[in-house]
Amino acid sequence: MNVTINDVAKAAGVSTSTVSRVISDSPRISEETKQRVRKVIKELNYHPNAIARSLANKSSKTIGLILNTEAETLVRNPFFIQAMTGISQYAQENSYNVMFAYNKSEDGDLDIAVRYVNSRSVDGIILFTSRTNDKCIGFLTRNNFPFSVIGRPDQTEGVLWVDNDNFKATNQVTNYLIMKGHSRISFLGGPQDHNVSRDRWEGYKKAMTVHGYSIDKSITFQDGSFSEEFGSECMLNMISAKEKGTPLPTAIVTSDDMQALGVLKAMRKMNVSGIAVTGFNNVPISLYQNESFTSVDVNASKLGFFAAKLLIGKIEGRKNLPTHYIVPTNLVEVKPFY
């Protein structure tokens, strides 16, 4: 037989409303009463109805995630799973549930945000990307709805966000290649409306400029996608250009490990070797590929963890919390499993 709130109230000698206030840790209830009621709750093994509590408190104890990706990419790119793992870890530690939705377009993301807010099915939202003049950020800010962003927003004032120093990371990996003797270095970027794409391009460009190397437009590709297909397409274009007299690069800086995978697959298909390839995210591409390469580990699980920490802190009104976190990156030599 299930224990009810009435059973707890009767055993503790208080009203059901007092039990509810103890469960929500209301300051209106004395510590003596709280201890007595909590003792009865433990003895009777009473578990409050989460749905009823959420209705009473106007809280769902749930955070919503909006992932800007397609279903296929979500499954294949471990970055999302790693970030969601970090979010889930912090959420569970603080008794929050997690729900997520995915969509590729900005308008689709906005539709999801509107639905989350209007339905009150979540207490706050984590956005997995930050765009120029981001519609979701604008909507959530205007509606004063709690949210955090994985990615540096255009305007940081009043916005909770977590990111890597993407300029520094790409500058570092480009310098790493230059120190190994490379000067003709290709670059593959992501969507131009994503701040992360612009930061990574600027980091690459700065390193090349400082060392006095020119940037060849025939081997630099911007406004792409963080996908294997884009990486393969760019590599095949460079191989095609070689037949017309344009030299291949000796190294390629990609903006995502999935792009790097596409580059490596195209190289293998066309029997091209001797080009150093770098990626971003340090996902286990070695499960699919037999080449070694260098990747920037963005510590995706930490990005998710801190995004959840910022958001839940905001939801619960915690004081003196930071408005953002910068998660360090490091270069990793990815080795294949044979």
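Each reported figure results from applying straightforward, stated rules to the coordinates on display, with no laboratory input. Values in this document were obtained by computation on a predicted structure and should not be read as measured data. FYI the Cβ positions are ideal-geometry reconstructions off the backbone, even for glycines, and counts take in every protein chain you see.
How big is the range 197-338 along each principal axis, measuring the range of its Cα positions in Å and listing the largest first?
Principal-axis extents of the Cα atoms in the range 197-338, largest first: 62, 39, 24 Å.
Taking the chain as a Gaussian network, where each spring joins two C-alpha atoms under 10 Å apart, which residue of ALA241, ALA83, ALA266 fluctuates the most?
With Cα springs under 10 Å in the chain, the top fluctuation among ALA241, ALA83, ALA266 is at ALA241.
Give the order of THR250, THR129 when sorted by the count of other beta carbons within 10 angstrom, beginning with the fewest.
On the way: THR250 16, THR129 21.
The most exposed by this proxy come first: THR250, THR129.
Using the beta-carbon distance between TYR213 and LYS135 and R0 = 35 Å, what value does 1/(1 + (r/R0)^6) give for FRET efficiency, to the nearest 0.05? Intermediate values should be presented prior to the final figure.
On the way: r = 38 Å, r/R0 = 1.08.
Rounded to the nearest 0.05, the efficiency is 0.40.
³J(HN,Hα) across the range 213-221 via Karplus (A = 6.51, B = -1.76, C = 1.60, θ = phi - 60°), whole Hz, x for Gly/Pro?
Values per residue, Gly and Pro as x: 9, 6, 9, 8, 5, 6, 10, 10, 10 Hz.
Using only helices, what value at 222 nm comes out for the chain when you add -39,500 (n - 2.57) per DSSP H run of length 4 or more and divide by the total residues, to the nearest 500 deg cm²/dmol?
On the way: 13 runs with 156 residues, N = 338.
Counting only the DSSP helices, I get -14500 deg cm²/dmol.
With label points built 7 Å along Cα→Cβ from the Cα atoms of SER121 and VAL332, find their separation and express it in nm.
3.3 nm
Roughly what angle does helix 300-315 make with the longest principal axis of the chain, taking Cα atoms, 0 to 90 degrees, to the nearest 10?
40 degrees
Out of (i) 29, 49, 19, 3; (ii) 28, 45, 20, 7, 0; (iii) 29, 61, 10, 0, which label holds the value of P(r) over Cα pairs in 20 Å bins from 0, in percent that was computed here?
Here the calculated entry is (ii).
Order these by the 10 Å Cβ neighbour count, fewest first: VAL114, VAL162, VAL98, VAL22.
Numbers: VAL114 14, VAL162 27, VAL98 18, VAL22 21.
Final ranking by Cβ density, sparse to dense: VAL114, VAL98, VAL22, VAL162.
Distance in nm between label sites at LYS104 and ASN237, each 7 Å beyond Cα in the beta-carbon direction?
Between LYS104 and ASN237, the simple spin-label model gives 1.8 nm.
Neighbour counts of other C-beta atoms within 10 Å: give me MET258, MET179 arranged from fewest to most.
Working: MET258 26, MET179 9.
By the 10 Å Cβ count, ascending: MET179, MET258.
Against the longest principal axis of the chain, how steep is helix 166-179, in degrees 0 to 90 to the nearest 10, with axes from Cα atoms?
Taking the Cα atoms of the chain, the angle to 166-179 is about 30 degrees.
Could you work out which residue, out of GLY231, GLY13, GLY189, moves most in a Gaussian network model of the chain, that is, has the largest mean-square fluctuation with Cα springs under 10 Å?
Most flexible of the set in this elastic network: GLY13.
Just to verify a number: FRET efficiency for SER59 and GLN35, C-beta to C-beta distance, R0 = 30 Å, to 0.05? Don't skip to the answer; put the middle values down first.
Numbers: r = 24 Å, r/R0 = 0.80.
That pair, SER59 with GLN35, gives E of 0.80.
Restricting attention to the range 89-198, which trypsin sites (Lys or Arg not before Pro) occupy a DSSP loop and are surrounded by at most 16 other Cβ atoms within 10 Å?
On the way: sites: LYS104, ARG115, ARG120, ARG131, LYS135, ARG142, LYS168, LYS180, ARG184, ARG198; in loops: LYS104, ARG120, LYS180, ARG184.
The qualifying sites are LYS104, ARG120, LYS180, ARG184.
Through the Karplus equation 6.51 cos²θ - 1.76 cosθ + 1.60, θ set to phi - 60°, convert the phi angles of the range 316-332 into ³J(HN,Hα) values in whole Hz; use x for Gly and Pro.
8, x, 5, 9, 6, 9, x, 9, 7, 10, 10, 8, x, 10, 8, 7, 10
Calculate how steeply helix 257-269 sits against the longest principal axis of the alpha-carbon atoms of the chain, using the helix alpha-carbon long axis, and give the answer as 0 to 90 degrees to the nearest 10.
Rounded to the nearest ten degrees, it is 30.
Which of these, HIS324, HIS182, HIS211, has the largest mean-square fluctuation under a Gaussian network model of the chain (Cα springs below 10 Å)?
HIS211
So how many Lys-Lys pairs in the range 166-297 land under 20 Å Cα to Cα, not counting same-chain pairs under 8 apart?
Step by step, the pairs that qualify in the range 166-297 add up to 12.
Collect residues whose amide H, placed 1.01 Å from N in the peptide plane, falls under 5 Å from the amide H of ILE126; neighbours closer than 5 in sequence don't count.
GLY64, LEU65, ILE66, SER148
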